[in-house]
1. Pick from segment B:97-150 the residues that are among the hydrophobic types (A, V, I, L, M, F, W, C) and assigned to a loop (DSSP other than H, G, I, E, B): which of them is farthest from the chain's Cα centre (by Cα)?
2. Scan segment A:416-428 and tell me whether some residue there is within 11 Å of another protein chain (Cβ to nearest Cβ), over 24 Å from A:Phe154 (Cβ atoms), under 27 Å from the mean Cα position of the chain (by Cα) and not in a helix (DSSP H, G or I).
3. Across segment C:8-36, what is the number of residues that are surrounded by 14 or more Cβ atoms within 10 Å (Cβ to Cβ), in a loop (DSSP other than H, G, I, E, B), among the acidic types (Asp, Glu) and within 13 Å of chain A (Cβ to nearest Cβ)?
4. A:Phe252 is checked against (1) hydrophobic (A, V, I, L, M, F, W, C); (2) farther than 23 Å from A:Leu458 by Cβ; (3) outside any loop (DSSP other than H, G, I, E, B) and fails just one. What number does that condition carry?
5. In this structure, is A:Thr448 at negative phi, free of Cβ contacts under 8 Å to residues at least 40 places away in the same chain and of a type in the set (Ser, Thr, Tyr)?
6. Filter segment D:247-273 down to residues that are under 27 Å from B:Ile100 (Cβ atoms) and either in contact with a His (Cβ under 8 Å, 6 or more places away or on another chain) or part of a helix (DSSP H, G or I) (or both), then give me how many there are.
7. I need the full set of residues from segment D:180-200 which are buried (at least 16 other Cβ atoms within 10 Å of the Cβ) and within 12 Å of chain B (Cβ to nearest Cβ), in order please.
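The values are calculated or read from the model by the stated rules, or taken from the named source; none is laboratory data. On a predicted model such as this, the values are computed, not experimentally measured, just so you know. Using ideal geometry, Cβ is built from the backbone for each residue, glycine included, and neighbour counts are taken over all protein chains shown.
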Amino acid sequence: MLFTSFGFILFLAILFPLYYLVPKRFQWMLLLAASYVFYAFAGWGCLIFIAVTTVTCWYASLQMDRLQKRQSAYLKARKEALTSEEKKAYKARVKKKKLGWFLAALLLNFGILAVLKYTNFAIVNINAISALFGGGQLQLVDLLLPMGISFYTFQTIGYVIDVYRGKYPPQENLPRFALFVSFFPQLVQGPISRYDDLAPHLLGEHPFDRRTVSFGLQRILWGYFKKMVVADRLLTAVTAIIGAPETYDGIFVLIGMFLYALELYADFTGGIDITIGIASTLGVPVKENFIRPYFSKNIEEYWRRWHITMGTWFRDYIFYPVSVSKPMLSISKKSRSLLGPELGKRVPVYLATLITWFATGIWHGASWNFIVWGLLNGVVIIISQECAPLYHRFHERFPRLGATFGWRLFQVVRTFWLMSALRSLDCYRDVPLTFSMVGTIFTRFSLTPLFDGSLLELGLGTGDWIVAGLGCLLMLGVSLRQRRGSVREQLERAPAAARYAVAFGLTFAVLVFGAYGVGYDASQFIYNQF
Amino acid sequence: MKHDVKKLSALLLALMLCFALLAGCGGNGGNNQTDNNSNTNGQNSGETGDENQETSLFIFTSNGVEIKMNAEADPIVEALGEPISAFDAPSCAFQGTDWIYTYDGFQINTYPLNDVNYVSSVVLTSDAVSTPEGLEIGGTKEDMIAAYGEDYTEEYDQCTYTRGDSQLSILFEDGAITSIEYLAVLPQQ
Amino acid sequence: MTFDELLEILNDLHPEVNFAEETGLIDNKVLDSFDIVSIVTEISANFDVSIPAGEIVPENFNSAQALFELVERLSDED
Amino acid sequence: MKRILKWGGIALIWVGAFFLLQALLVPKYMDGIPDGALVREYYQETTEHDVIFVGDCEVYENFSPITLWENYGVTSYIRGSPQQLIWHSYYTLKDTLERETPKVVVFNVLSMQYSEPQSEAYNRMALDDLPLSVNKIQAVLASKMEDETLLSYIFPFFRYHSRWSELTASDFRYLFHQDTLSHNGFLMRADVRPVETLPEPKKLANYQFADVCYEYLDKIRLLCEEKGVELILIKAPSLYPHWYDEWDQQMVDYAAEYGLTYINFLDHIDEIGLDFSTDTYDQGLHLNLSGAEKLSDYFGTILREAGVPDRREDEELSAVWAEKCADYHAQAEAQYAELAEKGYLTRATTPGSQIPAGE
């Protein structure tokens, strides 16, 4: 069930009244039922996978907690009787058992994800290596990839790690835990929430609150606008450009990068707006996933503002543990003695950075494109770290430059294009093609396509370009307003007539200009002859 | 000065690290290029299907002119020369028109899409012509299997082979072929 | 390890920050994740106290004092 | 009270805007393709009819109700739409018979050959203008292609919203009121394009009509029985698409089995007096004005034999029909004048149906 389908709207229209009509203590059960209904629409097979993840992580966490509690009780009861050595030995035994449960849950769930998502990628690579030596070739397998598996697996694993670390006690009640794993608005595309953020709200009681509900509805509407009016429209042009690399090279690659940046932003943040909006109408606050990322002044900042919950997940559960792990600390010692303290101490951080970005890349998709994309991100971050003193000195030379609007604009534009260029890796078929296409920007550059009407051959008519352009301007305007605080709160202070006009305008913009229904595909539109 | 040297060496090290890693990928990337193709194609199996079978589509030829299904019709008609007759059947209420060109021994049917006519079928109408594989009207099922193999579906007395976007339909009456038709599998409309 | 030694590590990293006073090192984005890893590595290298990843939370890194208390607690446990 | 007024007003604005936009965005079929306007026009009728035709272009291009009135005093209406499939015919007829009870229903059997929906466009032209009712919903469910939604038939807005970029002045001009283009469902074409050659019909593997078509034919028959209406099956004298003998036999058998009249006009071309060098505007697919008048005149006798009365004595009807006749003759005259002047009809001639150069 897509967010943009009539079926989904109907699903929400049934859920909302029910949610506020049932006794408050049953609200979470209704949400759980709704989430499983939503998931069942993606296919019954998928339900098994989410159920396995739910049950295994729930049980492993309970076992880890039980061990921890038993240890505390044991040590407390024998506080005097045991020697320090005996205590240590006991703790070590418990730790080992705990680690066993932890690793079991981790390996099983990452294993499921890995098998479903990466088997074919592995086979393709094995075949390539095998072909080098004239070996046999394996058949690709046809595996089902459950909807949102990367998101719910990561969210649930985060919970297991937190429980293992003793950050909070586990959820004893399986159905309640199941709701945390399967909460339907964020099942498809995140955000990846933390248990201690989300669960209290999911499981709490929610009286009808006019303000949060209307804020939620506004946010949903805005999300639909971004997704259906801007993103789905631009997608046509982006697909046309990347689908025919031999036709669309040079400046088209640049245009493609630009349009894809807008399309992806509108689509992804629009989807998150819908997610957060729905959760808000249900009285559940969900963490923001984007803070105007294209206004970032450098790549590191960009990654703190784009897909935030994913970034912090990788930081907390991969980057930190890897950086402070024993092997890394010993590498640190060695590199210090080899390279001196200044450089030596940075080596492990950089190694951890590259590992983290490798993982981020492969999480995004099973292909070399994403791996190279991830690593390049890491490399750019490292280079900018290393250049920091240079920047520093540059600004010492020109102390007033840094504060000017022009300089900040330069930084923002530079970061935007850098990220757009890296992102072209998830457009083109493979890595070499991507690099050669980006190369054509320089070798076959020509401005003429901008003016000779080629843009109208990308599947969008003049009207579509105008609507998409105005939509993007509106998104820009909203982002600029956002710097002064919540746009919806600003709107709340506006006169009623203005508020209704905005709601009215946005609703009909979505209904008329939205890309949905049989008639949408312009090339197949038989009525355009009338 | 010394400081700068360290900075520089740090930068170099970082770069080397990247290149080492990238080279790692690149090394794989080299032999990977083909795989990635097969990977992408594996996902869009329709596409591969077409590409791999490009050579083995059902294509009728007349006087050296290839008549491929879903190909643009006008150049083909031009190459074949003046037809015996051309009949246009406007579709009900629509401005697009199906054309039927009759030649000696066969008929070409076209369908319109965005103001361009494409070949929708070729019907062999007499035993004066035969398919490039040598099948003709009046032949037998054995002839058909000898020419096109066993991989066909049969419905009422009609056997149909499918390759890519082309189909070959052979109709029998009392054991003899009475009709041979090339059909385009139409693109999604 | 003394509090002063810790301050020295921190000042080495960001001479421009007044670590004795600042109580929002994380919340105000004074330290980024690179800095945090550097601090943890530094403490581990110089004082033989390892800070596990689970302890890398804002509450423990927002001020020099909080960080010092964390290190104290961890060295007691060993 | 004030609150109710306020919210009522707001709701009214929203609903009003929605329907206004819907009216603007749906195609009006006023330029180029009048076939799409046929279904709507029936509902402007003020008097009842003794004969109802249902079927595709082989009825609405081939029969002229005005001729039937002028020569026989027969009141008739053609409920046709382009490529009307048999389930369209059934539900259209059902809708009609809920409004009036004619003496005779005439059904053209060409659509027996289609057992599946063919195109979204024809669904739209057949169903969009049926008034909302349970009958319409059933019709949509029976006709819709896989990717079509019922909702978009109840609110065509959801189908046509993307026409915003193709709106023309005529969408605004005909926003609230559309011209009547047909003459009781008959679309007039006075131009001539003679039959020169016909493509050889290709052989079919299976000539048996599909079960689903017989199912709907039964439904049509039973519906007529229930309402006490005589059902006449016809095959219009269009030369293309080819009407196979094997198909004809099945209709002959069906009519015999249920005691219906079945007339294949292809067998009566000489009696009707049709001359395909002058009586067709598209090489035998459809009759032109003169052909339709000949066919209608011939069919009038059959209808009279079936007991359809002469209504010319009825003053109220005569007045209504006099107006219709005047419109009809005016358009006929205009078309003949245009033909004499230019040699072709601007409105009727579409790029596709022009003879390519060199022929």
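1. Keep residues of segment B:97-150 that are among the hydrophobic types (A, V, I, L, M, F, W, C), which gives B:99-100, B:106, B:108, B:113, B:116, B:119, B:122-124, B:128-129, B:135, B:137, B:144-147.
From the residues that got through so far, the ones that are assigned to a loop (DSSP other than H, G, I, E, B) too are B:128-129, B:135, B:137.
Working: B:Ala128: 26, B:Val129: 23, B:Leu135: 21, B:Ile137: 24 Å.
Among those that are among the hydrophobic types (A, V, I, L, M, F, W, C) and assigned to a loop (DSSP other than H, G, I, E, B), it is B:Ala128.
2. First, the residues of segment A:416-428 that are within 11 Å of another protein chain (Cβ to nearest Cβ): A:428.
Filter once more, keeping what is over 24 Å from A:Phe154 (Cβ atoms): A:428.
Among the residues that remain, those that are also under 27 Å from the mean Cα position of the chain (by Cα) are: A:428.
Right, trim to not in a helix (DSSP H, G or I) and you get A:428.
The answer is yes; a qualifying residue exists.
3. Qualifying residue count for the region: 1.
4. Among (1) hydrophobic (A, V, I, L, M, F, W, C); (2) farther than 23 Å from A:Leu458 by Cβ; (3) outside any loop (DSSP other than H, G, I, E, B), A:Phe252 violates only (2).
5. Values: at negative phi: yes; free of Cβ contacts under 8 Å to residues at least 40 places away in the same chain: yes; of a type in the set (Ser, Thr, Tyr): yes.
Answer is yes for this residue.
6. Of segment D:247-273, the ones under 27 Å from B:Ile100 (Cβ atoms) are D:247-251, D:264-270, D:272.
Add one more test, that the residue is either in contact with a His (Cβ under 8 Å, 6 or more places away or on another chain) or part of a helix (DSSP H, G or I) (or both), and what stays is D:247-251, D:265-270, D:272.
Counting residues in segment D:247-273 that are under 27 Å from B:Ile100 (Cβ atoms) and either in contact with a His (Cβ under 8 Å, 6 or more places away or on another chain) or part of a helix (DSSP H, G or I) (or both) gives 12.
7. Initial filter on segment D:180-200 (buried (at least 16 other Cβ atoms within 10 Å of the Cβ)): D:181-193, D:195, D:198-199.
Answer for segment D:180-200, where residues must be buried (at least 16 other Cβ atoms within 10 Å of the Cβ) and within 12 Å of chain B (Cβ to nearest Cβ): D:Leu187, D:Arg189, D:Arg193, D:Val195, D:Leu198, D:Pro199.
Residues checked against (1) within 24 Å of the chain's Cα centre (by Cα); (2) in the same structural domain as A:Lys96 (by TED's automatic domain parsing); (3) of a type in the set (Lys, Arg):
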position: A:Ala34; (1), (2), (3): yes, yes, no
position: A:Val37; (1), (2), (3): yes, yes, no
position: A:Phe49; (1), (2), (3): yes, yes, no
position: A:Thr53; (1), (2), (3): yes, yes, no
position: A:Tyr59; (1), (2), (3): no, yes, no
position: A:Arg66; (1), (2), (3): no, yes, yes
position: A:Gln71; (1), (2), (3): no, yes, no
position: A:Tyr74; (1), (2), (3): no, yes, no
